[in-house]
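Everything on this sheet refers to the single structure shown next.
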């Protein structure tokens, strides 16, 4: 069975004072293992909300979210944290590295919460830094690195727990064209290695690196392009 | 456990990054603990000394002392004689009418010049009975105490205190030697250890004393003493200067003391005596000590409260400053309690480090005080445990709210925080 994620008529309604704002309005989707998706759409289309729901940072107002055959509904805060820790990896537009930690310590962060031994954890971090081409920068602080390098550290961190899905929120939004291309090539390479990647972007050139594109508008699925699954 | 030590290490590292800020924050607890430990040590030392002295007066004893009351004179203007103090009749009544009384030691005190060869020294002559040495226990350094037969035979013998013996004669050769007290020669039969006095308590031998048989004292020196003051003689007539009453049981001490007071009131027109009960003084000293502890405790409480508020303030600022970091950690999979732990560890580390440094200073300061002022101090294990316990508690108490606030942040909102 190739299905990794299934959403069944998922709704998300935010309450802004007395007004209710529907961010997602009955979305049903499946994502299979090894796929590479771009979520596209104008701002307010619900693509970020969708990513937050898939990342277990938020809960749907109604509908079902099934991750690796497990219904996420009804899990408490600790269980959702555990799920993020073991099965999910995040990449953000603004990299979100912890400034006072070194490159190695940033990559080790998920392993720290997983309770890894320090030596194994350090070895794993070095290996991942090597993989994203930053093996020589392990002891640097994030602020000493370029934007592209910081995003590579973030990718290494997202890979540390060997997640089932990588969730990327506009990973090239703060990068120039050349660096964006390098980052996308790295993601394509990871996907080729079998990683499932779900990415939010509003740039067509960036979406072109992915194998499937999901177009959202007003909280609904408008169109699906590329590979289905 | 391994995870905890690692988390503590990380916490210390984060605090180290803001070295100055962390240092200033822990100063509050540092000063609090420092002052508390120091004050407790000084207070403990002082009261331990006082309590020990009172205890040595005997908790079963009642001390009666003659005090010069309002002036009452007999005779002309040139010679005034003050008559006051305890009387032989008092002593007799004490012996006869108080069943709880076990022993009674009367004492006459006379100031005289003592002389051995060329050396002279003013001594306090204590005319007393052998029981003195039982109720005021002292170590005998040489020779023997006064004995009943000395009194009966009216022997001219004297027991000297160590300090007097040292000044008048060489200790080793003194037993059997003679000392002239006033105009009479006394054979030195024993030397006892000197002891320092206790505040205004009628301490038996706070100075250079010569103990002689009561009977001899009465015969040779009489009841009247003369002192030259500003051109005129001042004469005093006192039968007994002091009576130590020993009661058979501690529970009888205070009722007996009350009964004695009542009795004395009846026979003395003026209050020319003082009744003191070491046991009561002991209780009072202990009560004072308790009060002192409460006051110190309040000061400690206030200073640690201030220290704790400082910590809370900084931790709240730190949580706001690190909102994004908290969001990142939560997104990666940190549970709420791990965020709570992270911040709580930092606040506890701050206050415990402050407490430890304060404790070291608090141990060192009393030693310095003792060295320079000679005041006794005592850093008790209790105060150390108290200091550490309280500083740890302050860290938890004032760290918990900021830590909970950190953990309750919505990860999505925290991640967007600038």
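Nothing in this text is a laboratory measurement; each read-out follows from the coordinates by a stated rule. All of these numbers come straight from a predicted model, not from anything done at the bench. Virtual Cβ from ideal backbone geometry, glycine too; neighbours counted across all protein chains shown.
Some observations on this one:
- Of A:79, A:108, A:117, the residue with the greatest mean-square motion in the GNM of chain A, using alpha carbon springs below 10 Å, is A:117.
- Over the protein assembly as shown, the fraction of Cα-Cα pairs per 20 Å bin, rounded to whole percents and listed from the shortest bin up, is 15, 28, 16, 13, 15, 11, 1.
- Förster radius 35 Å - calculated FRET efficiency between residue B:122 and residue B:55 (Cβ-Cβ, nearest 0.05): 0.70
- Expected 222 nm ellipticity per residue - DSSP helices of 4 or more, -39500 (n - 2.57), all of the protein assembly as shown, to 500: -16000 deg cm²/dmol
- Simple spin-label estimate for residue B:382 and residue B:167 in nanometres, 7 Å along Cα-Cβ: 4.0 nm
- Taken residue by residue and averaged, Cβ atoms of other chains lying within 10 Å of the Cβ of A:90-100 number 4.
- Placing a label point 7 Å from the Cα of residue B:375 along the Cα-to-Cβ line, the residues of segment B:20-55 whose backbone N sits under 17 Å from it are B:34-51.
- Relative packing of peptides A:157-165, B:136-144 - highest average C-beta neighbours within 10 Å first: A:157-165, B:136-144
- The modelled label-to-label distance between residue B:290 and residue B:271, using points 7 Å beyond Cα along the C-beta direction, is 2.6 nm.
- GNM flexibility winner over chain B from B:188, B:36, B:340 (Cα, springs under 10 Å): B:340
- Multiplying the residue separation of residue A:123 and residue A:71 by 0.36 nm and removing their Cα-Cα distance gives an extension gain of 15.3 nm.
- Based on C-alpha pairs under 8 angstrom that are at least 6 apart in sequence, chain A has a relative contact order of 30 percent.
- Between residue B:368 and residue B:111, the FRET efficiency estimated from the beta carbon spacing at R0 = 35 angstrom works out to 0.30.
- A simple spin-label model places pseudo-atoms 7 Å from Cα toward Cβ; at residue B:178 and residue A:174 they are separated by 10.7 nm.
- The Cα center of segment A:56-95 and the Cα center of segment B:361-375 differ in position by 61 Å.
- Theoretical FRET efficiency, 1/(1+(r/R0)^6), r = Cβ-Cβ of residue B:316 and residue A:114, R0 25 Å, to 0.05: 0.25
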